[in-house]
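Asker: I have a structure I would like to understand better, so I am pasting it below and will then ask my questions one at a time.
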Amino acid sequence: MNADIVHYLDTVFSDFEPELKARLAAESSLKKIPAGEVIMRTGQYFKYTLLIASGKVKLYREGDDGEEAYIYTLQAGNACALSMICNTRQQTSEITAVTLEDTVAIMVPIQLMDNLMQEYKSWYYFVIDNYRSRFEELLTVLDSVVFKGMDERLEFYLKNQVKNRGTKELFMTHSEIANDLNTSREVVSRLLKKMEQNKKIQLFRSHIAWL
(Lines give C-alpha, C1' and ligand atoms only; values in the text may rest on other atoms or scores of the structure.)
Protein backbone atom coordinates (compact mmCIF):
# COMPACT_ATOMS: atom_id res chain seq x y z
CA MET A 1 0.00 0.00 0.00
CA ASN A 2 1.42 3.39 -1.04
CA ALA A 3 1.77 5.66 2.01
CA ASP A 4 1.74 8.81 -0.14
CA ILE A 5 -1.58 7.80 -1.69
CA VAL A 6 -3.00 7.15 1.79
CA HIS A 7 -1.86 10.64 2.84
CA TYR A 8 -3.55 12.36 -0.10
CA LEU A 9 -6.73 10.32 0.30
CA ASP A 10 -6.93 11.24 3.99
CA THR A 11 -6.25 14.95 3.44
CA VAL A 12 -7.72 15.78 0.01
CA PHE A 13 -10.39 13.10 -0.45
CA SER A 14 -11.41 12.76 3.19
CA ASP A 15 -15.08 12.12 2.36
CA PHE A 16 -14.22 8.71 0.92
CA GLU A 17 -15.19 5.83 3.19
CA PRO A 18 -12.26 3.91 4.80
CA GLU A 19 -12.85 0.79 2.69
CA LEU A 20 -12.72 2.84 -0.51
CA LYS A 21 -9.51 4.56 0.56
CA ALA A 22 -7.93 1.19 1.28
CA ARG A 23 -8.99 -0.13 -2.13
CA LEU A 24 -7.63 2.92 -3.96
CA ALA A 25 -4.38 2.89 -2.00
CA ALA A 26 -3.86 -0.78 -2.83
CA GLU A 27 -4.74 -0.68 -6.53
CA SER A 28 -3.94 2.86 -7.74
CA SER A 29 -0.63 4.56 -8.45
CA LEU A 30 0.73 8.04 -7.82
CA LYS A 31 2.13 10.24 -10.58
CA LYS A 32 4.06 13.48 -10.18
CA ILE A 33 3.68 15.67 -13.26
CA PRO A 34 5.78 18.80 -13.89
CA ALA A 35 4.19 22.10 -14.89
CA GLY A 36 3.52 22.53 -18.59
CA GLU A 37 3.18 18.82 -19.40
CA VAL A 38 0.33 17.61 -21.61
CA ILE A 39 -1.37 14.75 -19.75
CA MET A 40 -4.40 14.26 -21.98
CA ARG A 41 -4.63 14.63 -25.75
CA THR A 42 -7.48 14.77 -28.23
CA GLY A 43 -8.06 11.33 -29.73
CA GLN A 44 -6.31 9.45 -26.91
CA TYR A 45 -7.64 6.41 -25.05
CA PHE A 46 -7.12 6.29 -21.31
CA LYS A 47 -6.18 3.53 -18.93
CA TYR A 48 -6.78 5.65 -15.82
CA THR A 49 -9.08 8.18 -14.21
CA LEU A 50 -7.15 11.03 -12.62
CA LEU A 51 -7.79 12.26 -9.08
CA ILE A 52 -5.98 15.57 -8.63
CA ALA A 53 -4.15 15.40 -5.29
CA SER A 54 -2.29 18.71 -5.70
CA GLY A 55 -1.62 21.25 -8.43
CA LYS A 56 -3.82 22.54 -11.24
CA VAL A 57 -4.70 21.25 -14.73
CA LYS A 58 -6.18 23.28 -17.59
CA LEU A 59 -8.58 21.61 -20.03
CA TYR A 60 -9.21 23.05 -23.47
CA ARG A 61 -10.50 22.22 -26.94
CA GLU A 62 -8.29 22.39 -30.01
CA GLY A 63 -9.61 23.60 -33.36
CA ASP A 64 -8.67 22.32 -36.80
CA ASP A 65 -6.24 25.21 -37.28
CA GLY A 66 -4.55 24.77 -33.91
CA GLU A 67 -6.55 27.40 -32.04
CA GLU A 68 -7.50 26.73 -28.42
CA ALA A 69 -10.70 27.31 -26.44
CA TYR A 70 -10.48 27.19 -22.65
CA ILE A 71 -13.00 24.91 -20.88
CA TYR A 72 -12.17 24.81 -17.17
CA THR A 73 -9.45 24.15 -14.59
CA LEU A 74 -9.11 21.13 -12.31
CA GLN A 75 -7.50 21.51 -8.89
CA ALA A 76 -6.87 19.47 -5.76
CA GLY A 77 -9.93 17.42 -4.82
CA ASN A 78 -11.27 17.31 -8.39
CA ALA A 79 -11.34 14.44 -10.85
CA CYS A 80 -11.49 14.57 -14.61
CA ALA A 81 -15.15 13.81 -15.29
CA LEU A 82 -14.48 13.63 -19.02
CA SER A 83 -11.86 10.93 -18.50
CA MET A 84 -14.40 8.96 -16.46
CA ILE A 85 -16.83 9.11 -19.38
CA CYS A 86 -14.17 8.14 -21.90
CA ASN A 87 -12.96 5.32 -19.68
CA THR A 88 -16.32 3.71 -19.01
CA ARG A 89 -17.39 3.87 -22.66
CA GLN A 90 -13.98 3.25 -24.20
CA GLN A 91 -14.20 6.47 -26.19
CA THR A 92 -11.37 8.77 -27.15
CA SER A 93 -10.89 12.15 -25.53
CA GLU A 94 -12.22 15.27 -27.23
CA ILE A 95 -10.17 17.64 -25.08
CA THR A 96 -6.55 18.35 -24.22
CA ALA A 97 -5.26 18.85 -20.67
CA VAL A 98 -2.01 20.47 -19.53
CA THR A 99 -0.65 21.05 -16.03
CA LEU A 100 -0.52 24.71 -14.99
CA GLU A 101 1.83 23.90 -12.11
CA ASP A 102 3.59 20.89 -10.64
CA THR A 103 0.80 18.38 -10.08
CA VAL A 104 0.30 15.11 -8.24
CA ALA A 105 -2.41 12.76 -9.50
CA ILE A 106 -3.78 9.48 -8.17
CA MET A 107 -4.17 7.18 -11.18
CA VAL A 108 -7.24 4.95 -10.77
CA PRO A 109 -7.22 2.02 -13.25
CA ILE A 110 -10.13 1.87 -15.67
CA GLN A 111 -11.02 -1.68 -14.68
CA LEU A 112 -11.95 -0.49 -11.17
CA MET A 113 -14.57 2.01 -12.30
CA ASP A 114 -17.64 -0.23 -12.49
CA ASN A 115 -16.90 -1.95 -9.19
CA LEU A 116 -16.22 1.31 -7.38
CA MET A 117 -19.54 2.76 -8.57
CA GLN A 118 -21.44 -0.30 -7.40
CA GLU A 119 -19.67 -1.00 -4.11
CA TYR A 120 -18.91 2.41 -2.56
CA LYS A 121 -21.52 5.12 -2.06
CA SER A 122 -18.91 7.82 -1.45
CA TRP A 123 -17.35 7.09 -4.85
CA TYR A 124 -20.75 7.10 -6.55
CA TYR A 125 -21.62 10.52 -5.09
CA PHE A 126 -18.13 11.81 -5.86
CA VAL A 127 -18.48 10.89 -9.53
CA ILE A 128 -21.98 12.40 -9.77
CA ASP A 129 -20.83 15.59 -8.04
CA ASN A 130 -17.90 15.92 -10.44
CA TYR A 131 -20.20 15.51 -13.42
CA ARG A 132 -22.52 18.18 -12.02
CA SER A 133 -19.73 20.64 -11.20
CA ARG A 134 -18.04 20.29 -14.58
CA PHE A 135 -21.41 20.63 -16.38
CA GLU A 136 -22.15 23.84 -14.47
CA GLU A 137 -18.72 25.19 -15.41
CA LEU A 138 -19.34 24.36 -19.05
CA LEU A 139 -22.69 26.20 -18.92
CA THR A 140 -20.95 29.23 -17.42
CA VAL A 141 -18.35 29.22 -20.20
CA LEU A 142 -21.09 28.80 -22.81
CA ASP A 143 -23.02 31.74 -21.36
CA SER A 144 -19.94 33.93 -21.53
CA VAL A 145 -19.38 33.03 -25.19
CA VAL A 146 -22.99 33.35 -26.34
CA PHE A 147 -24.26 36.28 -24.29
CA LYS A 148 -21.21 38.45 -23.56
CA GLY A 149 -18.93 40.65 -25.63
CA MET A 150 -15.19 40.05 -25.69
CA ASP A 151 -14.56 42.67 -22.99
CA GLU A 152 -17.00 40.90 -20.63
CA ARG A 153 -15.59 37.49 -21.58
CA LEU A 154 -12.08 38.66 -20.76
CA GLU A 155 -13.12 40.02 -17.37
CA PHE A 156 -15.04 36.81 -16.59
CA TYR A 157 -12.02 34.75 -17.68
CA LEU A 158 -9.60 36.67 -15.46
CA LYS A 159 -11.93 36.41 -12.46
CA ASN A 160 -12.12 32.67 -13.04
CA GLN A 161 -8.33 32.40 -13.21
CA VAL A 162 -7.96 34.31 -9.94
CA LYS A 163 -10.46 31.96 -8.29
CA ASN A 164 -8.96 28.76 -9.73
CA ARG A 165 -5.33 29.69 -9.10
CA GLY A 166 -5.95 31.09 -5.64
CA THR A 167 -3.95 34.26 -6.32
CA LYS A 168 -4.51 37.75 -7.75
CA GLU A 169 -1.11 37.63 -9.46
CA LEU A 170 -1.66 35.97 -12.84
CA PHE A 171 1.56 34.98 -14.62
CA MET A 172 0.04 34.66 -18.08
CA THR A 173 1.05 36.11 -21.41
CA HIS A 174 -1.39 38.00 -23.61
CA SER A 175 -0.96 35.25 -26.22
CA GLU A 176 -1.96 32.54 -23.73
CA ILE A 177 -5.10 34.45 -22.83
CA ALA A 178 -5.89 35.02 -26.51
CA ASN A 179 -5.56 31.27 -27.18
CA ASP A 180 -7.95 30.43 -24.35
CA LEU A 181 -10.51 32.98 -25.58
CA ASN A 182 -9.97 32.13 -29.25
CA THR A 183 -9.17 35.69 -30.24
CA SER A 184 -6.08 37.68 -31.22
CA ARG A 185 -3.29 38.88 -28.95
CA GLU A 186 -3.85 42.43 -30.17
CA VAL A 187 -7.50 42.38 -29.04
CA VAL A 188 -6.53 41.01 -25.62
CA SER A 189 -3.78 43.61 -25.17
CA ARG A 190 -6.15 46.44 -26.06
CA LEU A 191 -8.87 45.23 -23.69
CA LEU A 192 -6.37 44.64 -20.86
CA LYS A 193 -5.13 48.20 -21.26
CA LYS A 194 -8.73 49.42 -21.04
CA MET A 195 -9.27 47.35 -17.87
CA GLU A 196 -6.12 48.90 -16.39
CA GLN A 197 -7.43 52.38 -17.16
CA ASN A 198 -10.66 51.43 -15.37
CA LYS A 199 -8.62 50.37 -12.30
CA LYS A 200 -9.68 46.70 -12.53
CA ILE A 201 -6.18 45.31 -13.12
CA GLN A 202 -2.58 46.40 -13.15
CA LEU A 203 -0.29 45.29 -15.96
CA PHE A 204 3.33 44.31 -15.36
CA ARG A 205 5.97 42.97 -17.71
CA SER A 206 5.67 39.42 -16.34
CA HIS A 207 2.13 39.23 -14.95
CA ILE A 208 -1.31 40.76 -14.45
CA ALA A 209 -2.48 41.85 -11.00
CA TRP A 210 -6.21 41.74 -10.27
CA LEU A 211 -7.22 44.77 -8.14
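Asker: Test of understanding: express the Cα radius of gyration of the chain as a ratio to 2.2 N^0.38 Å, with N the residue count.
Answerer: So the Cα radius of gyration is 1.10 times the expected 2.2 N^0.38 Å.
Asker: Can you list which of the DSSP-assigned H helices in the chain have a Cα extent of 27 Å or more along the long axis and an average Kyte-Doolittle score of at least -1.0?
Answerer: Membrane-span-like by this rule: 121-147.
Asker: Would you kindly find the accessible area of D15, with a 1.4 Å probe and non-protein molecules such as ligands, DNA and RNA excluded, rounding to the nearest 10 Å²?
Answerer: About 140 Å², ignoring ligands and nucleic acids.
Asker: Just to make sure I understand: if all protein chains stay in place, what is the order of H174, H7 by accessible area at 1.4 Å, largest first?
Answerer: Largest accessible area first, the residues go H7, H174.
Asker: What does the charge count around R41 come to, taking other residues whose C-beta lies under 15 Å from its C-beta (Lys +1, Arg +1, Asp -1, Glu -1)?
Answerer: -1
Asker: Tally Lys and Arg at +1 and Asp and Glu at -1 over the other residues with C-beta under 11 Å from the C-beta of L154: what net charge comes out?
Answerer: Once positives and negatives cancel, what remains is +2.
Asker: Can I ask one more? Counting Lys +1, Arg +1, Asp -1, Glu -1, what net charge surrounds V98 among other residues with beta carbon under 13 Å of its beta carbon?
Answerer: Surrounding charge for V98 is -3.
Asker: A further question follows. Accessible area of M40, 1.4 Å probe, to the nearest 10 Å²?
Answerer: Using a 1.4 Å probe on the heavy atoms, I get roughly 10 Å².
Asker: Where does region 81-192 land on the Kirkwood hydrodynamic radius, alpha-carbon pairs, in angstrom?
Answerer: One over the average 1/r among Cα pairs gives 16.7 Å for region 81-192.
Asker: Something else: Here is the link list: K58/K200; K32/K200; K21/K159. Which ones come out longer than 32 Å on Cα distance?
Answerer: K32/K200; K21/K159
Asker: Sort F204, F13, F126 by heavy-atom solvent-accessible area, probe 1.4 angstrom, most to least.
Answerer: Heavy-atom accessible area, descending, gives F204, F126, F13.
Asker: 7 Å from Cα along Cα→Cβ at both T167 and T11: what's the point-to-point distance in nm?
Answerer: Distance between the two pseudo-spin positions: 1.9 nm.
Asker: Hey, if we sort K148, K32 by accessible area with the 1.4 Å probe, largest down, what's the order?
Answerer: Largest accessible area first, the residues go K32, K148.
Asker: Tell me, what is the 1.4 Å probe accessible area of I95, in Å² to the nearest 10?
Answerer: Solvent-accessible area, nearest 10 Å²: 10 Å².
Asker: Return the FRET efficiency for the residue pair V38, E186: r is the Cβ-Cβ distance, R0 is 41 Å, and the value is rounded to the nearest 0.05.
Answerer: So, using R0 = 41 Å, E works out to roughly 0.95.
The values are calculated or read from the model by the stated rules, or taken from the named source; none is laboratory data. As the structure is a computational prediction, the values presented were derived from the model and not from experiment. Glycine gets a Cβ as well: all are built from the backbone with ideal geometry, and neighbour counts include every protein chain shown. Just so you know, the surface numbers come from the protein's heavy atoms only, side chains and all, with ligands and any DNA or RNA stripped out. Shrake-Rupley method; radii C 1.70, N 1.55, O 1.52, S 1.80 Å.
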